[in-house]
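Worksheet: one structure, shown below.
The values are calculated or read from the model by the stated rules, or taken from the named source; none is laboratory data. Quantities reported herein were computed from a predicted structural model and do not represent experimental measurements. Cβ: placed from backbone, ideal geometry, glycine included. Neighbour counts: every protein chain shown.
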Ligand code: HEM
């Protein structure tokens, strides 16, 4: 069943269901953080080839901006963009408004405070901590933690923000579960994914931000941390991404998903295998080997699940392949899906112990991370925004060409980065295996890191095209009544 099937004769009006202003705000906040994150990525990349123009300025030190890069992407860009997407899709699929629009606005504001305070803590926290009066104050108040980042991968958010962020995630779930609980009839698979995410994400966040910090020490903290970083991708970003794909593709193609049965295989496969894989981030560590083998096997198993999902979407596209050329949102989604398949196929190989011997801790992993985070989920978000902004602003895109530039610069930039860093990882692995001095591998990586700067500039260039296009489109904004909604980049 798809969105249109769920509609009934007494269907409420779209404007009574969706608060479009909130969706616009979420998307704009997401784009702002993406710009900041990419600037951080470029700073790091420039630093590694000795071209950092801000070298020596403490608050721009790459160590701090690496945290900004990853956190702004996860909690600033992806979270805001997905929240905007949820505010559009959930009311339309359930035909009910969110639990409380006021709560939605409150969450929007609170979430921005969380993201901005985190960024501020990363930038000024270490400097503050170094001041004698601050050190004395924290000692007298018996605050045993850093004022800057915490030493937990992806859980670097300062300790006083963790409980607030967790509460925010719970409220998000409650606010969206209200319309889902009111929905009549069987729920479309998109809502299955979203419901799972509302439960999984707070649990994942709590596990990663509290257990290693306060309760589980040593090697066990590593195991929990591995599970946390993996589940953050698999149980927060992935269900939202696939839920969005199941929502939008039938709308763009104007036909139902090929097999509802296969979509459920994909959902339950993800639910079963994904949470078992966390330790594959820490193979060859003191974590017991039986747990490491276990993670390897379930990682390979999930690739079969992914194959069923991909087959389902290919089946849905069958007969309409040409639309990928003409329909830009569809192209973003299907390109992201191909990248997803490549990432997962790569994952099934790189998770083996044989492969790990070579690529563990190398730039191979960084290339893999960019393909999945940017090449898949960000590209799906761009596809959704490309589809939605003309509807949110009641006018077509200012320039189709700029939309094309955005697509091609992003899609090719990230693929070049992925290939480049993958190759860098292989070289680094062999340098280390040959027991060359560390400097040899750093010097040998330079050409690859230079290529990364240019690939990053391509991605950034694509982003700037999008922002400029959006600005020009917005400048022509007029109230709905005065303009005909005729998006140039339309799914027709
Ligand atoms: C302007 C484009 C970008 C450049 C130049 C860039 C560069 C970098 C650099 C230099 C690192 C640190 C690598 C290291 O520690 O060795 C990094 C890490 C990372 N970046 Fe980016 N990045 C860019 C865009 C993005 C985007 C848009 C995303 C996500 C949507 C992203 C996701 C990540 C992730 C997940 C990591 C952590 C990788 C890991 O720890 O394995 N990056 N990036």
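Observations on the model:
- Residues of region 53-75 that are in a helix (DSSP H, G or I) and either over 14 Å from the mean Cα position of the chain (by Cα) or free of Cβ contacts under 8 Å to residues at least 60 places away in the same chain (or both): 58, 59, 60, 62, 63, 64, 65, 66, 67, 68, 69, 72.
- Residue 223 being under 19 Å from the mean Cα position of the chain (by Cα) and modelled with pLDDT under 95: no
- Among (1) within 14 Å of the ligand (Cβ to nearest atom); (2) within 30 Å of residue 451 (Cα to Cα); (3) assigned to a helix (DSSP H, G or I) - the single one residue 50 does not satisfy: (3)
- Residues that are surrounded by 15 or more Cβ atoms within 10 Å (Cβ to Cβ) and outside any loop (DSSP other than H, G, I, E, B), drawn from region 137-161: 138
- Residue check for residue 129: modelled with pLDDT under 90, surrounded by fewer than 17 Cβ atoms within 10 Å (Cβ to Cβ) and outside any helix (DSSP H, G or I): no
- Enumeration of residues in region 347-380 that are more than 11 Å from the ligand (Cβ to nearest atom), under 11 Å from residue 422 (Cβ atoms) and either in contact (Cβ under 8 Å) with a residue 24 or more places away in the chain or in contact with a strand residue (DSSP E or B) (Cβ under 8 Å, 6 or more places away or on another chain) (or both): 359
This table checks each residue for (1) surrounded by 15 or more Cβ atoms within 10 Å (Cβ to Cβ); (2) at pLDDT 95 or above.
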residue: 292; (1), (2): yes, no
residue: 295; (1), (2): yes, no
residue: 301; (1), (2): yes, no
residue: 309; (1), (2): yes, yes
residue: 320; (1), (2): no, yes
residue: 323; (1), (2): yes, yes
residue: 337; (1), (2): yes, yes
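- Considering 113, 134, 98, the condition of being assigned to a helix (DSSP H, G or I) and at pLDDT 85 or above is satisfied by 113 alone.
- When we screen 78, 116, 86 for residues that are within 19 Å of the chain's Cα centre (by Cα), within 19 Å of residue 232 (Cα to Cα) and more than 10 Å from the ligand (Cβ to nearest atom), the only hit is 86.
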